[in-house]
Amino acid sequence: MTEIDAGEPSPEMADVERQLKRLDLFVRAHGLVSDLTWAEGFGVYDVLQVARFLEEKEED
């Protein structure tokens with residue numbers, strides 16, 4: 001059986017991986033925000049703020 005040396009991902013795949021990680025971050029942020037009780041509902045800004053918070057925590 002032949003082994004495939006994956007090596008470093010191509011620039012295109014690295015970009016896709018970054019986009020998928022970012023998408024996962026927004027999905028988690030939306031899940032957290034939508035589980036909370038909001039007097040006036042929530043919006044995109046709320047999800048973005050939670051996403052920013054999660055992103056900062058991941059960097060620490």
Toy charge model, Lys and Arg Cβ at +1, Asp and Glu Cβ at -1: the chain dipole around Cα centroid in debye, rounded to 20, equals 320 debye
Plugging the Cβ-Cβ distance of residue 26 and residue 59 into 1/(1 + (r/R0)^6) at R0 = 22 Å yields, to the nearest 0.05, a FRET efficiency of 0.85
In the chain the accessible area split gives carbon plus sulfur, as whole percent at 1.4 Å, a share of 56 percent
Longest principal axis of the chain (C-alpha) makes with the long axis of helix 11-35 (C-alpha) an angle, in degrees to the nearest 10, of 20 degrees
So the FRET efficiency between residue 49 and residue 15, C-beta based with R0 = 30 Å and rounded to 0.05, is 0.75
Note to self: with every protein chain in place and a 1.4 Å probe, the chain gives an accessible area per residue in Å² of 91 Å²
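The values are calculated or read from the model by the stated rules, or taken from the named source; none is laboratory data. Keep in mind it's a predicted model, so treat the numbers as computed, not measured. Ideal geometry is used to build each Cβ from the backbone, glycine not excepted, and the neighbour counts take in all protein chains shown. Please note that ligands, DNA and RNA were not included when accessible areas were found on the heavy atoms of the full protein model with its side chains. Shrake-Rupley method; radii C 1.70, N 1.55, O 1.52, S 1.80 Å.
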